[in-house]
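The values are calculated or read from the model by the stated rules, or taken from the named source; none is laboratory data. Note that the structure is predicted; figures quoted are calculated from it, not measured. Cβ: placed from backbone, ideal geometry, glycine included. Neighbour counts: every protein chain shown.
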Amino acid sequence: MKHFPIFLAVTDKRIVLAGGGDAAMAKLRLLMKTEANIHVFAPTASPEIKKWAHEGKLTLTLRALQNGDADDAVLFYGATEDSHEDARGAAIAKSAGALVNIVDNLADSAFITPAIVDRDPVTIAIGTEGAAPVLARAIKADLEAKLPASLGTLAKIGKTFRHAVDVLPFGSKRRNFWSDFYFKAGPTALDAHGQRGVIPALETLLDDHITAKPAIGHVDFVGAGPGDPELLTLKARKSVDRADVIIHDRDIAPAILELARREAVIIDAETTDAAALIKSHAAQGHHIVRLSRGDTCDTVALVATIAAGVSHSLIAGIPLASAEIIPFQQRNTAVHARCTSGARAVTSNFYPSEAI
């Protein structure tokens, strides 16, 4: 990773841009979505930029950038479409302590501007380190289509309610509450009653979660497949994403473990008694994933889990051979995965097409 992604606080901060043409307008359309104070310097400017200045969206100075113009700026954009003028402006901005971006000049830029999906306050930034802007735009378009415009409204309302949710224990209880709000109760209330119906729905939902019975622990025995995260079945990916605790074989690919939530407890199975750990965390109502290599499962832990009466399920992985030889058209055929121990055998079906 050559560029570290961050979200920079720019409210009431100064952002300076040099340029008045098409490149400048492209950057300004994005910058005007922020709460920054935007200052544009250009000998000539497009009618659109002049219009934005007249509307108070930015401050326009009709001359080239000079020494002192970038003082106190947090960001500077060189967008004059003239390499010599951009280099001159960048030198002025650097001496003033601003981070510099020169349009279409990755080598001389201290930062890059990603493609952005804006559902304010939900913001998704997509970067390819300048290598594939077309790919970034395609990903952006895909996400735009999947994320409803109402998401930002729900996030704004939810933000005002966060302190009330402190009554719920930190961890899965709070996550379950917010999951129910953003994906069930919130959209339903917004569609039925508009924004005025969301807060009452939040209050009712919180009461329901406060009085709900303690969660029952559950363990998924997940096969990691050939080691490629893209070949995990959909059920496996969802299980890993929801997990409070992941107990994994030592040779599980790091890329698969990266799919877990940052708050999840991740434990190498070789350093602990997996069966005892599963029982302990299940008693606390946690969702546990026992992640094994290939299409195998930890039969010792599975038998102990069954004996303890802990809720569990099997999510088989794709065998390496199957991943290599099963044609795409034939991946609707069920495959048997069988975990066998001296005590009992457990058989489960899965469909390789779930990995697509």
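Among the residues of the range 280-299, those identified as buried (at least 20 other Cβ atoms within 10 Å of the Cβ) and assigned to a helix (DSSP H, G or I) are H281, A282.
Of all the residues that make up the range 75-95, how many are in contact (Cβ under 8 Å) with a residue 24 or more places away in the chain, buried (at least 16 other Cβ atoms within 10 Å of the Cβ) and closer than 19 Å to A26 by Cα? Total meeting the criteria: 9.
Scanning the range 276-290 for residues that are free of Cβ contacts under 8 Å to residues at least 60 places away in the same chain and either in contact with a strand residue (DSSP E or B) (Cβ under 6 Å, 6 or more places away or on another chain) or of a type in the set (A, V, I, L, M) (or both) turns up A276, L277, I278. Check whether at least one residue in the range 205-214 is within 25 Å of the chain's Cα centre (by Cα) and of a type in the set (S, T, Y), and report yes or no. Within the range 205-214 (the criterion being within 25 Å of the chain's Cα centre (by Cα) and of a type in the set (S, T, Y)), the answer is no, since none of the residues qualifies. A110: of a type in the set (G, A, S), modelled with pLDDT of 85 or more, farther than 21 Å from A64 by Cβ and surrounded by 14 or more Cβ atoms within 10 Å (Cβ to Cβ), yes or no? The answer is yes for A110. Taken together, A355, A316 contain a single residue that is modelled with pLDDT under 55, buried (at least 17 other Cβ atoms within 10 Å of the Cβ) and among the aliphatic types (A, V, I, L, M), which is A355. Across the range 47-55, not a single residue is classified as surrounded by 20 or more Cβ atoms within 10 Å (Cβ to Cβ), outside any helix (DSSP H, G or I) and touching a residue at least 12 places away in the same chain (Cβ under 8 Å). With respect to the conditions (1) in a loop (DSSP other than H, G, I, E, B); (2) modelled with pLDDT of 50 or more; (3) surrounded by fewer than 19 Cβ atoms within 10 Å (Cβ to Cβ), E270 lacks only one, and its number is (1). In the set (1) out of contact with any strand residue (DSSP E or B) (no Cβ under 6 Å at 6 or more places or on another chain); (2) surrounded by fewer than 20 Cβ atoms within 10 Å (Cβ to Cβ); (3) modelled with pLDDT under 90, the condition left unmet by E203 is number (3).
For the range 294-301, the criterion of a residue being of a type in the set (D, E, K, R) and at pLDDT 90 or above is satisfied by no position.
Mind checking which helices (runs of 4 or more DSSP H) fall wholly inside the range 95-206 and carry at least 3 residues that are out of contact with any Asp or Glu (no Cβ under 6 Å at 6 or more places or on another chain), among the polar types (S, T, N, Q) and farther than 30 Å from D82 by Cα? Reasoning before the result, please.
Values: elements: 133-146, 150-160, 172-180, 186-193.
Counting at least 3 such residues, we get 150-160.
Only residues that are among the polar types (S, T, N, Q) and more than 23 Å from T34 (Cα to Cα) were counted in the range 85-118, giving 2.
Note on the range 222-247: among residues that are out of contact with any helix residue (DSSP H, G or I) (no Cβ under 6 Å at 6 or more places or on another chain) and outside any helix (DSSP H, G or I), the one that is nearest to P169 (Cα to Cα) is A243.
Scanning the range 258-275 for residues that are out of contact with any strand residue (DSSP E or B) (no Cβ under 6 Å at 6 or more places or on another chain) and either farther than 22 Å from K173 by Cα or acidic (D, E) (or both) turns up E258, E263, D268, E270, T271, T272, D273, A275.
In the range 61-69, is there at least one residue being assigned to a strand (DSSP E or B) and either without any contact (Cβ under 8 Å) to a residue 40 or more places away in the chain or in contact with a Leu (Cβ under 9 Å, 6 or more places away or on another chain) (or both)? Yes - at least one qualifying residue is present in the range 61-69.
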